[in-house]
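**Q** Mind looking over this structure? Questions follow.
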Amino acid sequence: MNETIQVMLGHRSIRKFKDAPVAKEQLDVIIEAAQHASTSSNMQAFTVIRITDAGLREQLAVLAGNQAYVSQCPEFLVWCADLHRYERAGARALPEGEEPRSTTENFIVATVDAALAAQNAAVAAESLGLGIVYIGGLRNNPRQVSELLRLPQYVYPVFGMCIGVPDQEPLVRPRLPREAILHENGYCEERIDPAIDQYNVTLSDYMSERTNGKAATSWSQAMAAKKDAPRLHMREFLYGQGFRLE
Ligand SMILES: Cc1cc2nc3c(=O)[nH]c(=O)nc-3n(C[C@H](O)[C@H](O)[C@H](O)COP(=O)(O)O)c2cc1C
């Protein structure tokens, strides 16, 4: 155990923040940590947009499914997968008429790069005593979000992130039993059902404690509820943003 691992194991999403700014030096180092994440072939295929305009924040909060903390948190960052810079950079070195390609592979690269950078930022922020929550809700209305942020072709918002000084101390959310996610020499199907049974009990107890007995939702119930928010618009939206996924 060391301090870095303690920070990681102490992670819990924060959805209520103190009315205190994140210092410029803190934000600078958070972004620097993001830039130092590993990145496929050094493509650095992400862009992060800091939202300081209060009106824009309000609109994003609504578009993210009325998540008030998007407008209330001290800092809100939108993490974008970005193949625009890659296209521009490559075009300079390619023969006239030839372009780098927006393939499915590059879409994965850009999405992974955005996620790795964001998670580095999250850990950096938490190591400074700040709290964060990711906001995938931006993908409820990705086209409107992209228009508001003037995202060019080959760029899409993967998620947002609220950052600030925590004004709540939620319990750390238990994870699946390790044997469910750590397999050896191949996929161990026989581990799945027992792990789900076990985790249903663990998470239900946790939810009950967290909500003072109001909601003892199991993991199976939570996963079943996800079918109601499938975001089926994503394929068409991505196509429109230039991600042709060939
Ligand atoms: C990509 C991504 C998107 C998320 N989107 C939201 C969101 O829109 N709103 C929210 O309140 N939490 C959101 N979360 C937070 C998750 O619900 C949370 O991480 C998960 O339930 C585990 O809880 P913990 O972070 O407290 O350990 C998101 C997390 C990730 C990784």
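The values are calculated or read from the model by the stated rules, or taken from the named source; none is laboratory data. All values derive from a computational prediction rather than experimental measurement. Heads up, the Cβs are rebuilt from the backbone with ideal geometry, glycines too, and the neighbour counts pull from every protein chain shown. Heavy atoms of the whole protein, side chains included, go into the accessibility calculation; ligands, DNA and RNA do not. Shrake-Rupley method; radii C 1.70, N 1.55, O 1.52, S 1.80 Å.
**Q** How far, in nm, would the chain grow between residue 233 and residue 88 when pulled straight, counting 0.36 nm per residue and subtracting the alpha carbon separation?
**A** 49.5 nm
**Q** Let's test the formula: R0 of 25 Å, r as the Cβ-Cβ distance of residue 68 and residue 20. What FRET efficiency results, to the nearest 0.05?
**A** Result of the calculation: an efficiency of 0.90.
**Q** With unit charges on the beta carbons (Lys and Arg positive, Asp and Glu negative) and the dipole taken about the Cα centre of segment 173-227, which residue among 183, 218, 199 sits farthest to the positive side?
**A** Farthest along the dipole direction, towards plus: 218.
**Q** Helix 54-63: angle to the longest alpha-carbon principal axis of the chain, degrees 0 to 90, nearest 10?
**A** Its long axis makes an angle of about 70 degrees.
**Q** If you fit an axis through the alpha-carbon atoms of helix 84-93 and take the longest principal axis of the Cα set of the chain, what angle between them do you get, 0 to 90°, nearest 10?
**A** For 84-93 against the chain, the angle is about 40 degrees.
**Q** Segment 182-196 to segment 221-246: how many Å between their Cα centroids?
**A** Rounded to whole Å, the Cα centres lie 27 Å apart.
**Q** Now for a different question. Could you tally the net charge around residue 68, taking each other residue with its Cβ under 10 Å from the Cβ of residue 68, Lys/Arg +1 and Asp/Glu -1? The partial results should precede the final answer.
**A** Values: positive: 15, 16; negative: 58.
Surrounding charge for residue 68 is +1.
**Q** What accessible surface, in Å², does a 1.4 Å probe find on residue 108, ignoring ligands, DNA and RNA and rounding to the nearest 10?
**A** 90 Å²
**Q** Once label points are set 7 Å from the Cα along Cα→Cβ at both residue 188 and residue 35, what is their separation, rounded to one decimal in nm?
**A** Spacing of the two 7 Å Cα→Cβ label points: 4.3 nm.
**Q** I need the GluC sites (Glu not before Pro) found in segment 135-189, filtered to DSSP loop residues with at most 16 other beta carbons within 10 Å of theirs.
**A** Loop-located and lightly packed - 184.
**Q** Can you list residues whose amide H is under 5 Å from residue 17's amide H, if they're 5+ apart or on another chain and H is modeled 1.01 Å from N?
**A** Hits under the 5 Å cutoff: 167.
**Q** Counting only heavy atoms of protein chains, what accessible area per residue, in Å², does the chain have with a probe of 1.4 Å?
**A** 59 Å²
**Q** Are there trypsin sites (Lys or Arg not before Pro) in segment 145-240 that DSSP puts in a loop and that have at most 15 other Cβ atoms within 10 Å, and which ones?
**A** Loop-located and lightly packed - 150, 175, 214, 231.
**Q** Here's something else I'd like to know. R0 = 41 Å: FRET efficiency of residue 2 with residue 96, Cβ-based, nearest 0.05?
**A** Given R0 = 41 Å and the Cβ-Cβ separation, E is 0.15.
**Q** Given a 1.4 angstrom probe, I'd like the percentage of the accessible area of the chain that is carbon and sulfur, rounded to a whole number. Display every interim value, and only then the final one.
**A** Details: 7390 of 14420 Å².
Ligands and nucleic acids excluded, carbon and sulfur reach 51 percent.
**Q** Quick one: Cα centre-to-centre distance for segment 1-27 and segment 64-93, in angstrom?
**A** Spelled out, the Cα-based centre of one part sits 21 Å from the other.
**Q** When a/c is below 1.5 the answer is rounded, else prolate if a/b is larger than b/c, else oblate, so apply that to segment 1-97 with a ≥ b ≥ c taken from the square roots of the Cα gyration tensor eigenvalues.
**A** Cα axes put segment 1-97 in the oblate bin.
**Q** Let me ask you something else. Once the piece of chain linking residue 150 and residue 116 is laid out straight, how much longer is it, given 0.36 nm per residue of separation minus the C-alpha distance between them?
**A** Result: 9.9 nm gained on full extension.
**Q** Next up: Using bins 10 angstrom wide from zero, how does P(r) for the chain break down, in % of all Cα pairs?
**A** 7, 24, 33, 26, 8, 1, 0
**Q** Compute all pairwise cysteine Cβ distances in the chain, then list the cysteines with no distance under 4.7 Å to another cysteine.
**A** Lacking a cysteine Cβ partner under 4.7 Å: 80, 188.
**Q** Further question on the same structure: Can you give me the angle between helix 192-210 and the longest principal axis of the chain, using Cα atoms only, in degrees from 0 to 90, rounded to the nearest 10?
**A** In the chain, helix 192-210 runs at an angle near 80 degrees to the longest axis.
**Q** Can you tell me, using C-alpha contacts under 8 Å and at least 6 residues apart, the relative contact order of segment 3-172 as a whole percent?
**A** 38 percent
**Q** Only helical DSSP H runs with n ≥ 4 go in: add -39500 (n - 2.57) per run for the chain, normalise by residue count and round the 222 nm mean residue ellipticity to 500 deg cm²/dmol.
**A** -13500 deg cm²/dmol
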